[in-house]
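Peer 1: Here's a structure for you.
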Amino acid sequence: MNRRHTLVSAIAAVIIICAVFIVSGCGKESGKDSEAVKESPGAGDSSIFKAPISPTPPPPDLKWLTNDTDPVFSSPEARKGGTLHLAIASFPLTFRVVGPDSNSSFRSAILGNQLSLIGIHPNTENIIPEIATHWAYGKDGKTMYFKLNPKARWSDGVPVTAHDFAYTLEFMRSKHIVAPWYNDYYTQEIDRVIVYDDYTLAVVGTKAQPDLHLRLGISPTPRHFYGKLSGDFVRRYNWKIAPNTGPYQISDFQKGKYIKFKRKRDWWAKDLKYFKNRFNVNTVIFTVVRDFNMQWEYFKKGKIDTFGLTLPEFWHNKSRIPIFEKGYAHRIWFFNHTQQPSYGMYLNMDRETFKDRRVRYAFAHAMNIRKVIQQVLRGDYYRLEQMFVGYGRYTNPNIRARRFDLGKVEHYMKEAGWHRGGDGIWEKNGLRFSVEVTYSREAHTPRLVVLKEEAKKAGVELRLQRLDPSAAYKKILEKKHDVAWMAWSTSLRPQYWEHFHSINAHKPQTNNITNTDDPEMDRLIEAYRNALDEETRIRLSWKIQEKIHEIGCYVPTFMVPYVRQGYWRWWRLPAVPGTRHTDDLFEPFSSATGGLFWYDERLYEETTKAMKAGRSFPPVTIIDETYKMKGIESP
């Protein structure tokens, strides 16, 4: 199972980005480089766009804030150097981060090197500086003011100024970028950017709302690079290397083969408190290895540096090989405490079978999730109790998923007027309790086979339908499913409107795939969206989660609150290897959680000599529970 939730910036906490590329690599320095590419010239001209300077200064009574007191999470032992070799399953279709074909998993590598005004501390979740050193809230509840770090530079050396943030609005609202979602978001959510001088600005939202910093901490856009946009934007910028503000930049690539990033030796932010001793490797190379099993072979040969071992088969069986047993490579099991994807079974309540709440409850009690965890997943996964776990105070800890219970199935079905048919399946008025479960991953078939056999004991027939991912997603979004076996990605705060508000029910292409249509749920969701007080929002969040449980349209299944990885011995990690939100210990770029590891040349020499001489080291398996969730149930 691969999952990457990134807190790359405050705005990224709102704009969900799914990134899935398998890591790898060896720390040895690479051989002779291919001819390096230079940042591509754009159409830009700094004289083309310059925001007007506000005739009035910021309010004099602003309370300017910063954060230089939260703990650092990097290691002072970290050293610079080495090359990290990673694998990706496919080459991106473009280096653009907006427009057609840009929404690939690789986009996170590019966006990870683009800082925002502010970031989120991965352990405390407090605001920390990125490009802005200070921030302040306006009295209107919809404006934030920012002071920029005058040292901030684009990768081509041009200073980052307030005009670059004003340009972000012009860029994101342009029809030429062919990105309707961004056009809409930067119009509906952000009213304007006010420039007071080159290093002072305000971002104004369209309405007062809670967690304002999650919406207004936008990223700059290099106006000197793009300049005035035109109808050829998509074609012109397909393979251009745009200037960025983060620690690395693309230095070389060969389409279909590899992409290389080089560390900026004079990066302007390298000594800032929350970036110091991070982003340590000199070079990161992503090599295209299309087959997952082939990536495993690459890792075993040292062609890639790290490999995900989260799947039980890899952790328990496939990693019992000489490179681990002789100590040349290490294994680590790192527990995090972050928002969990909502893996589960989504019941389509527009289907006749699921219109009755009692039948939905019976369905939940007919799913033997515990047996799947024990028998198929070796007890490694945890029971997900509800849809929104890992959201801190926003998670209601009192909700427990309905357990497998044949007696309760019997109770609810008889109460609903159903009876057992000749084949043992429940029936009512000619309708059999036989539902189709739509899913996409072949690896999940064994899990569903166990559920199917157990459900039969309860008088429920599951018909398993595996489709390719795009076909399954299309069917589910068109609301043509009975039961959807899937998960939604996460965000920093629970999002309810798109999943459970009636405005999104009974029509295709919305995320309300259960067709929840409940007036009380609507009232709670609208109150949650409009509440500005955090305590009120938390109270409403708990009530909404209770309501979801009460409706019974969602059967939570598993969660994996950890990451397991194998890595070669010459890579080192901090004493606490990751952060509360880390889901990849070798994520190279994320401004929130990435770049904590480093290459140890002495260990590389020692290890490679031992391998040649046939000597071994004690095997190492690290289990770190620093951030392990409390109270989670293991079967």
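The values are calculated or read from the model by the stated rules, or taken from the named source; none is laboratory data. Just so it is clear, the structure is predicted and the values come from calculations on it, not from any experiment. FYI the Cβ positions are ideal-geometry reconstructions off the backbone, even for glycines, and counts take in every protein chain you see. Keep in mind that these areas ignore ligands, DNA and RNA; they rest on the heavy atoms of the full protein, side chains included. Shrake-Rupley method; radii C 1.70, N 1.55, O 1.52, S 1.80 Å.
Peer 1: For segment 276-311, name all the residues that are out of contact with any strand residue (DSSP E or B) (no Cβ under 8 Å at 6 or more places or on another chain) and either of a type in the set (D, E) or open to solvent by less than 10 Å² (accessible area, probe 1.4 Å) (or both).
Peer 2: Initially, segment 276-311 is screened for residues out of contact with any strand residue (DSSP E or B) (no Cβ under 8 Å at 6 or more places or on another chain), giving 276-278, 290-294, 297, 300-301, 311.
R278, D291, E297, listed by residue number.
Peer 1: Suppose the filter is aliphatic (A, V, I, L, M), touching a helix residue (DSSP H, G or I) at 6+ places or on another chain (Cβ under 7 Å) and either part of a helix (DSSP H, G or I) or buried (at least 20 other Cβ atoms within 10 Å of the Cβ) (or both); does I323 pass it? Walk me through how you get there before you give the answer.
Peer 2: Working: aliphatic (A, V, I, L, M): yes; touching a helix residue (DSSP H, G or I) at 6+ places or on another chain (Cβ under 7 Å): yes; either part of a helix (DSSP H, G or I) or buried (at least 20 other Cβ atoms within 10 Å of the Cβ) (or both): yes.
Taking the combined requirement at face value, the residue satisfies it.
Peer 1: From the list F73, F95, which residue is in contact with a Ser or Thr (Cβ under 9 Å, 6 or more places away or on another chain), of a type in the set (F, W, Y), modelled with pLDDT of 75 or more and closer than 30 Å to E125 by Cβ? Reasoning before the result, please.
Peer 2: Values: F95 fails: closer than 30 Å to E125 by Cβ.
That would be F73, the only listed residue that is in contact with a Ser or Thr (Cβ under 9 Å, 6 or more places away or on another chain), of a type in the set (F, W, Y), modelled with pLDDT of 75 or more and closer than 30 Å to E125 by Cβ.
Peer 1: State the number of residues belonging to segment 46-94 that are more than 17 Å from Y196 (Cβ to Cβ), touching a strand residue (DSSP E or B) at 6+ places or on another chain (Cβ under 7 Å) and either open to solvent by 90 Å² or more (accessible area, probe 1.4 Å) or not in a strand (DSSP E or B) (or both).
Peer 2: 9
Peer 1: Moving on to the next point. Any chance you could count how many residues in segment 497-524 are acidic (D, E) and either over 16 Å from Q545 (Cβ atoms) or in contact with a strand residue (DSSP E or B) (Cβ under 8 Å, 6 or more places away or on another chain) (or both)? Spell out how you get there, then give the answer.
Peer 2: In the first step, residues of segment 497-524 are kept if they are acidic (D, E); the result is 498, 517-518, 520, 522.
Right, trim to either over 16 Å from Q545 (Cβ atoms) or in contact with a strand residue (DSSP E or B) (Cβ under 8 Å, 6 or more places away or on another chain) (or both) and you get 517.
Within segment 497-524, residues that are acidic (D, E) and either over 16 Å from Q545 (Cβ atoms) or in contact with a strand residue (DSSP E or B) (Cβ under 8 Å, 6 or more places away or on another chain) (or both) number 1.
Peer 1: Looking at segment 409-421 only, could you name the residues that are surrounded by fewer than 17 Cβ atoms within 10 Å (Cβ to Cβ) and either touching a residue at least 60 places away in the same chain (Cβ under 8 Å) or outside any helix (DSSP H, G or I) (or both)?
Peer 2: Those that are surrounded by fewer than 17 Cβ atoms within 10 Å (Cβ to Cβ) and either touching a residue at least 60 places away in the same chain (Cβ under 8 Å) or outside any helix (DSSP H, G or I) (or both): A416, G417, H419, R420, G421.
Peer 1: Hey, another quick one. Which pairs do you get when a residue that is among the acidic types (D, E), found in segment 422-448, comes within reach of a residue that is open to solvent by less than 70 Å² (accessible area, probe 1.4 Å) and outside any loop (DSSP other than H, G, I, E, B), reach meaning Cβ atoms under 9 angstrom, with the pair 6+ apart or on two chains?
Peer 2: D423/E461; E436/L462; E436/L464; E436/Q465; E436/V483
Peer 1: Something else: Could you tell me whether segment 435-444 includes any residue that is surrounded by fewer than 17 Cβ atoms within 10 Å (Cβ to Cβ) and of a type in the set (S, T, N, Q)?
Peer 2: no
Peer 1: Just to check your reading of the model, which residue among R357, R331, R403 is of a type in the set (K, R) and over 30 Å from N512 (Cβ atoms)? Lay out the reasoning, then the answer.
Peer 2: Numbers: R357 fails: over 30 Å from N512 (Cβ atoms); R403 fails: over 30 Å from N512 (Cβ atoms).
None of the other options fit; the residue is R331.
Peer 1: I'd like the full set of residues that are closer than 20 Å to G344 by Cβ and open to solvent by 60 Å² or more (accessible area, probe 1.4 Å), limited to segment 462-472.
Peer 2: Passing the criteria: R463, R466, P469.
Peer 1: List the number of the failed condition for E478; all other conditions in (1) open to solvent by 40 Å² or more (accessible area, probe 1.4 Å); (2) more than 30 Å from V449 (Cβ to Cβ); (3) without any contact (Cβ under 8 Å) to a residue 40 or more places away in the chain hold.
Peer 2: (2)
Peer 1: Which condition number in (1) at pLDDT below 95; (2) in a loop (DSSP other than H, G, I, E, B) is the one that D156 fails?
Peer 2: Only one criterion in (1) at pLDDT below 95; (2) in a loop (DSSP other than H, G, I, E, B) is unmet by D156, namely (1).
Peer 1: List the number of the failed condition for E125; all other conditions in (1) at pLDDT 95 or above; (2) more than 17 Å from T245 (Cα to Cα) hold.
Peer 2: Checking E125 against (1) at pLDDT 95 or above; (2) more than 17 Å from T245 (Cα to Cα), the one that fails is (1).
Peer 1: For residues that are open to solvent by less than 10 Å² (accessible area, probe 1.4 Å), closer than 29 Å to Y391 by Cα, among the small types (G, A, S) and out of contact with any Leu (no Cβ under 8 Å at 6 or more places or on another chain), tally how many sit in segment 571-624.
Peer 2: Residues that pass the stated criteria total 2.
Peer 1: Any idea which of F404, F500, F433 is modelled with pLDDT of 95 or more and closer than 17 Å to D356 by Cα?
Peer 2: Exactly one residue qualifies, and that residue is F433.
Peer 1: So, in segment 211-261, exactly how many residues are under 19 Å from D156 (Cβ atoms), of a type in the set (F, W, Y) and touching a helix residue (DSSP H, G or I) at 6+ places or on another chain (Cβ under 9 Å)?
Peer 2: Going through segment 211-261 one residue at a time, the tally reaches 4.
Peer 1: Also: Using the structure shown, decide if Y627 is of a type in the set (F, W, Y) and open to solvent by 50 Å² or more (accessible area, probe 1.4 Å).
Peer 2: Yes, satisfied.
Peer 1: I'd like the residue in segment 507-523 that is exposed (fewer than 14 other Cβ atoms within 10 Å of the Cβ) and not basic (K, R) and, out of all such residues, is nearest to S342 (Cα to Cα).
Peer 2: Applying the filter and picking the extreme gives Q509.
One line per residue, one yes/no per condition, for (1) within 18 Å of K301 (Cα to Cα); (2) hydroxyl-bearing (S, T, Y); (3) modelled with pLDDT of 95 or more:
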site	(1), (2), (3)
E587	no, no, yes
S591	no, yes, yes
R602	no, no, yes
E606	yes, no, yes
R615	yes, no, yes
D624	no, no, yes
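Peer 1: Run down P129, P159, P210 and say which single residue is open to solvent by less than 40 Å² (accessible area, probe 1.4 Å) and closer than 30 Å to R263 by Cβ.
Peer 2: P129
Peer 1: Filter segment 447-493 down to residues that are at pLDDT 95 or above and assigned to a loop (DSSP other than H, G, I, E, B), then give me how many there are.
Peer 2: 7
Peer 1: Checking G421 against (1) over 23 Å from H549 (Cα atoms); (2) out of contact with any strand residue (DSSP E or B) (no Cβ under 6 Å at 6 or more places or on another chain); (3) not β-branched (V, I, T): exactly one of these is not met. Which one?
Peer 2: (2)
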